[in-house]
Ligand code: SAH
């Protein structure tokens, strides 16, 4: 049996399913889910993320948070948490860079929030030199100052999609026809969570909602505002999203999101405005990733590393720097938003 057969049988029994249910099954089904059964990153995988492109990314992210920690009087102990750490590369690079900040690594309780057992095993290996614990959810994060990293985590959280019809919304659902998964629309109904979108949409426009993100932001923002700390959230997306942004990637190629459930990565743009709606702490402007990295001195760091490299390694290092920062590569598509306590300054690289 495949995930597709399983979903077709479920739809035959229960009727069309919500897109967030579909996405959740595709990504995290215990037997057939994409993250639960595969290691999706790198050249052999389906996509490459910023920390996998160059060590400079994790180093600068770690140092931005370490500066916040120093500015707050070096609280100890504190939580250094990452959501959806993938292969654990970002955290390893951050901890290595922050070893130069006296007291930081010793005071850090490193917590990885990871749903996939397969990826937890990879993270255990990458971070074998460090004491690390794993949690299923941000609700289990301890009451302590929180210094938080999330790179391409929110885009993997399931979304629902709604098509505007008059003053109401029809939900886009996943159904079946002739053994194939297809989209359909549910009945038109009011959606209080989309009231603010009645102002900037027209009939037929599609908007997305990510319910799980609101709960997560509520918890993170409460911890940071009450206990202190800071956060850096990176993702592709923008302040406000409009239209269908659900995308599937298989072997680095775009694929049909309904075509091969469980075998392709499924993501959708992050609507940063929606993240802030549920966030009780202060947040920075949404900043392009390239601008953030330049502000933190990535070019100086790249030049320093370049001195140690020659030939092909030097060429790929130069390409990696460009890929992370250039506006036509990841520099503008990816954004970062800083979280911080009201009355403090936003994390270095972001601005109020
Ligand atoms: N941050 C990493 C990986 C991004 S991919 C990098 O930059 O390379 C998304 C990550 O989030 C994976 O580790 C995936 O298993 C994890 N993930 C997805 N949904 C999750 C959820 N609901 N709870 C916890 N982890 C989740």
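Each reported figure results from applying straightforward, stated rules to the coordinates on display, with no laboratory input. Given the structure is predicted, the values throughout are model-derived calculations rather than measurements. In this analysis, Cβ positions are derived from the backbone assuming ideal geometry, glycine residues included, and neighbour counts consider all displayed protein chains.
Summary table
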| read-out | value |
| --- | --- |
| Tail beyond 16 Å, pair distance distribution of the range 1-51 (Cα, percent) | 49 percent |
| Relative contact order of the chain, pairs being alpha-carbon contacts under 8 Å that are 6 or more residues apart, as % | 19 percent |
| Ellipsoid semi-axes in whole angstrom, largest first, where each is sqrt(5λ) of the Cα gyration tensor of the range 26-162 | 26, 17, 14 |
| Residue order, fewest to most beta carbons within 10 Å, for 334, 47, 292 | 47, 334, 292 |
| The chain - share of DSSP beta bridges that are antiparallel (%, nearest 5) | 60 percent |
| Cα gyration tensor, the range 235-338 - rounded (a/c under 1.5), prolate or oblate | oblate |
| Over the range 22-161, relative contact order from alpha-carbon pairs under 8 Å, at least 6 apart, % | 28 percent |
| Ranked list, fewest to most other Cβ atoms within 10 Å of each Cβ, for 225, 64, 316, 116 | 316, 225, 116, 64 |
| Translational diffusion coefficient (Stokes-Einstein; Kirkwood radius from C-alpha pairs) of the range 158-257 at 20 °C, 1.002 mPa s, in µm²/s | 133 µm²/s |
| Mean projection area, nm², convex hull over Cα of the chain | 18.4 nm² |
| All Cα pairs of the range 146-215, percent lying beyond 15 Å | 61 percent |
| Square roots of five times the Cα gyration tensor eigenvalues for the range 75-139, Å | 20, 14, 8 |
| DSSP beta bridges in the range 190-326 [antiparallel fraction, %, rounded to 5] | 75 percent |
| Relative contact order (%) - criterion: Cα under 8 Å, at least six apart; region: the range 218-341 | 39 percent |
| Ordering of 154-165, 184-195, 227-238 by burial proxy (mean other Cβ atoms within 10 Å per residue, highest first) | 227-238, 154-165, 184-195 |
| Overall dimensions of the range 93-216 as given by Cα atoms, namely Rg and Dmax in Å | 21.1, 63 |
| Rg/Rg_globular for the range 296-352, with Rg_globular taken as 2.2 N^0.38 Å and Rg from C-alpha atoms | 1.46 |
| Ranked list, fewest to most other Cβ atoms within 10 Å of each Cβ, for 304, 285 | 304, 285 |
| Gyration tensor (alpha-carbon) shape descriptor, the range 285-324, a/c threshold 1.5 | oblate |
| Euclidean distance of C-alpha centroids, the range 1-54 and the range 224-289, integer Å | 17 Å |
